[in-house]
1. Given the C-alpha centroids of segment 139-166 and segment 1-66, what is the distance between them in whole angstrom?
2. Which residue, chosen from SER190, TYR168, VAL149, occupies the Cα position most advanced towards the positive end of the dipole of segment 128-229, where the dipole is computed from +1 (Lys, Arg) and -1 (Asp, Glu) charges on Cβ about the Cα centre?
3. Taking 37 °C and 0.692 mPa s as the conditions, I'd like the Stokes-Einstein D for the chain in µm²/s, using the Kirkwood hydrodynamic radius from alpha carbon pairs.
4. Give me the compactness ratio for segment 128-229, meaning the Cα radius of gyration over 2.2 N^0.38 Å.
5. Relative contact order for the chain using alpha-carbon pairs under 8 Å, separation at least 6, rounded to a whole percent?
6. Which of the GluC sites (Glu not before Pro) across segment 1-48 are loop residues per DSSP, with 13 or fewer other Cβ within 10 Å?
7. Under a 5 Å amide H to amide H cut-off, with H placed in plane at 1.01 Å, what residues pair with ASP30 once short-range neighbours are removed?
8. Suppose R0 equals 25 Å; then what is the FRET efficiency for LYS104 and GLU35 from their Cβ-Cβ distance, rounded to the nearest 0.05?
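Values in this text are rule-based calculations from the coordinates and carry no lab data. The structure displayed is predicted, hence computed values, not measured ones. Neighbour counts run over all protein chains shown; Cβ positions are idealised from the backbone, glycine included.
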Amino acid sequence: MKRILVCEDEDAIRDFVVINLKRAGYDVTDVNCGEEALRVFDEENGNFDIVLLDIMMPGIDGFTVCKKLREKSSTPGIIMLTAKTQEMDKVNGLMIGADDYITKPFSPSELTARVDAIYRRVRMSFVKDDKSTILESGPFALNVKSRTVTKNGVTIDLTQVEYQILEYFMNNKNTALDRSSILNHIWGESYYGDDKIVDVNIRRIRLKIEDEPSNPQYIITIWCYGYKWHEN
């Protein structure tokens, strides 16, 4: 069953989200504050595929909840709901571990499309593969079966979206990849958002894998185009 935890303090919006996600086949648990979201997540042992978080809430806000959830698990997809259009709010959510954001107001079709896209990414981590394929590049080793990445033998804690971006890069070493191709490969061709989400995720990955994130040696920026994975 596709399980999703919805945290939204406005009753009308929460009811709208719950009804449409149930129609789309999701098993929905809904709460109205960040404190309840954390409590329910713990009670269910993190057994959710996706968490949908409003940013502006009384008490613990969505940013704080997102950060705490990522400290507990890198597996669930996290989508932020925001009424704000400021770019910094979107960037902040992505940098602390969210996989996507939806700006209010949104249509039922946009909601389900964005949730479905992240759900597909998350469920790929549970697909069994009898082949133990290892992709190696410099100090990195990516295990396709376990969907884990190590650097010099030390495991790097990645979300499923981050893992898939690295896998895409390592399957296309020393090849310039434009933002649109990365966006389509990871989020799907029907993605409603813009390609800025690629840049923020790259920034987040660099913080985890690069010795000097401000002077990256592995994920190289191709100005006005995209990125490439550099292998000597």
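1. Result: 28 Å between the Cα centres.
2. Sorting the options by dipole projection puts first VAL149.
3. 180
4. Dividing the Cα radius of gyration by 2.2 N^0.38 Å gives 1.05.
5. Computed over the chain, the figure is 14 percent.
6. Listed in order of number, the matching sites are GLU44.
7. VAL6
8. Rounded to the nearest 0.05, the efficiency is 0.70.
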